[in-house]
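The values are calculated or read from the model by the stated rules, or taken from the named source; none is laboratory data. Values in this document were obtained by computation on a predicted structure and should not be read as measured data. Here the Cβ positions follow ideal geometry from the backbone for every residue, glycine too, while neighbour counts run over all protein chains shown. These area figures cover heavy atoms from the full protein model, side chains too; ligands, DNA and RNA do not enter into them. Shrake-Rupley method; radii C 1.70, N 1.55, O 1.52, S 1.80 Å.
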Amino acid sequence: MRDLPPPPAPIALLAELTYRCPLACPYCSNPLELSARDAELDTATWARVFGEAAELGVLQLHLSGGEPASRRDLVELVAAARQADLYVNLITSGIGLTETRLDALEAAGLDHVQLSLQGVRAGIADRIGGYRGGFDRKLAVARAITDRGFPLTLNAVMHRQNLDDLAETISFAADLGARRIEVACVQFYGWAQRNRAALLPTRAQVEAAKRTVAEAVRTYRGRMAIDFVPPDYYADYPKACMGGWGSTGLNVAPEGTVLPCHAAATIPELSFQRVTEVPLAEIWAKGPAFQKFRGHDWMPDPCLSCARRDIDHGGCRCQAMALAGDPHATDPVCRHAPHRALVDSLLANLPADDVLPKFVYRR
Amino acid sequence: MTPARADAVFADPLIRMPRGVRLHQDRVRGLPALLGPERALMLDEIGLAILSELGEGVRLSVLIDRLAARYDAPRDEIAGDVRAFLDVMQVQRLVDYADA
């Protein structure tokens, strides 16, 4: 196999500071197996990683988890990231953010807060999050965030059990003073795949959601930006996952494993390196997991000869793994994929409303 | 300064970058960038020229005057380009318009 040219510099780094989280959402993006929990990287190591990321060309740092506020050193980590001249975004459920802590985060230079929303009322939000009282606390935190003038994005995670509340969800975000809302329909990996039958929306819901979003974009134009991530099972073509494998961003897991995306560890044939053993720049440029699906050489047909080859990059490798059991396959969402019938069969056999399975919570 | 209502149209808005949006010199790529919530835009010379003038907030008419003078270009031409650029940015809340 010929050597690939060096990849362009990554734009973003997602730092999963911890897998600890007070919530138990049944679509959590963390791995299914959390029991063998390795030690989390310490403050100094994360600070070094942020510096290496900035040197590599990363501009945006997303502090995530689990719940990043579960880290006692969150303020120090934000300060270290700003010291490295990164744009720092905190991705949080809000639980664990007190007024005092928000003041300290503001002083440390935190740029932006992305607050997750499980539901637009306490009943459903607390049921989805598996955490009683979570909604009321989140609401208080959201107000404390906007009172301080932090730019706020609401990340509304939508699925069969709350998609009918979409219009209310968008107006809730606007009333809260959010500058952006991400209407993020659940993508089916890990915990969400396990709970897929309870979460996959109906076609009628998806069509209604598209209309609701289109109307809201007009209504809130100039006041609140709306980004819509539709559920890709209903699409004709796959999403351009990560803008192409190993092309724009990287993830660092709590114990320092570096991944091309948060689900990449579900692909058994990949081997990963750790920031405690290999410099981040070397992992990015030459890491075997990053090299595996870069460019076109790995592609089967119909992808290799497809006119959309450089638009969707063959779709998502983790979804090919999850649905077809083969990370080299065309994303089964694609209408040209040999495995498209798997997706169609799932859509044709959705459970009725009164027999939706119970959630398996992430605990 | 609160952001404009969605349906508000100002003839000569006061323009400002809201908190959480800032210019950044990208040393690795050797390019100026605009960083904001979930956005990292590489800027060309025109984009940088416009955004560099915003400071703590500037009237559109003043901004256009300054750029027309700096580039020694017809004011009408500059006005169209500047407004088109800013309108795109405003929809994304990367700049805000206000009346006062």
Using a 1.4 Å probe over the heavy atoms of the protein chains, calculate the carbon and sulfur portion of the accessible area of chain A as a whole percent.
52 percent
With x for Gly and Pro, the residue-by-residue ³J(HN,Hα) of the range A:197-212, computed from phi through the Karplus equation 6.51 cos²θ - 1.76 cosθ + 1.60 at θ = phi - 60° and given in whole Hz, is 4, 8, 10, 5, x, 7, 4, 4, 4, 5, 4, 5, 5, 4, 5, 4
Taking a straight Cα-to-Cα line shorter than 16 Å from A:K210, and setting aside same-chain aspartates and glutamates fewer than 8 residues away, one finds A:D164, A:D165, A:E168, A:E182, A:D227, A:D232, A:D236
Residue of A:C185, A:C21, A:C306 that the Gaussian network model of chain A assigns the largest fluctuation, springs spanning Cα pairs under 10 Å:
A:C306
For A:L347 and A:D147 in the same chain, what is the full-extension length gain: residue separation times 0.36 nm, less their Cα-Cα distance, in nm?
67.7 nm
Per residue of A:217-224, what is the mean number of Cβ atoms on other protein chains within 10 angstrom of that residue's Cβ?
5
The range A:5-98, accessible area per residue, ligands and nucleic acids excluded (1.4 Å, Å²):
36 Å²
Got a sec to turn the phi values of the range A:130-141 into Karplus ³J(HN,Hα) couplings, 6.51 cos²θ - 1.76 cosθ + 1.60 with θ = phi - 60°, whole Hz, x for Gly and Pro?
x, 8, 5, x, x, 5, 4, 5, 4, 4, 5, 5
Provide the percentage of antiparallel DSSP beta bridges, counting only those with both residues in the protein assembly as shown; round to the nearest 5.
35 percent
Suppose we compare each residue of the range A:173-187 in its chain alone and in the full protein complex with a 1.4 Å probe; which ones drop by at least 20 Å² of accessible area?
A:R179, A:R180
Highest to lowest packing among A:52-61, A:85-94, scored as the average C-beta count within 10 Å:
A:85-94, A:52-61
Pop out the ³J(HN,Hα) list for the range B:20-25 in order, Karplus 6.51 cos²θ - 1.76 cosθ + 1.60 with θ = phi - 60°, rounded to Hz; leave Gly and Pro as x.
x, 10, 8, 7, 8, 8
On average, how much accessible surface per residue is there in chain B, in Å², for a 1.4 Å probe, leaving out ligands, DNA and RNA?
51 Å²
Mind giving me the FRET efficiency for A:A107 and A:R309? R0 is 56 Å, r the Cβ-Cβ distance, nearest 0.05 is fine.
0.70
Efficiency of FRET from Cβ geometry, A:D297 and B:H24, R₀ 35 Å, rounded to 0.05
0.55
Hey, can you grab everything whose amide H is under 5 Å from the amide H of A:E67? Only 5+ residues off in sequence or another chain; H modelled, so Pro and N-termini drop out.
A:R20, A:C21
So the FRET efficiency between B:D72 and A:R211, C-beta based with R0 = 41 Å and rounded to 0.05, is 0.25
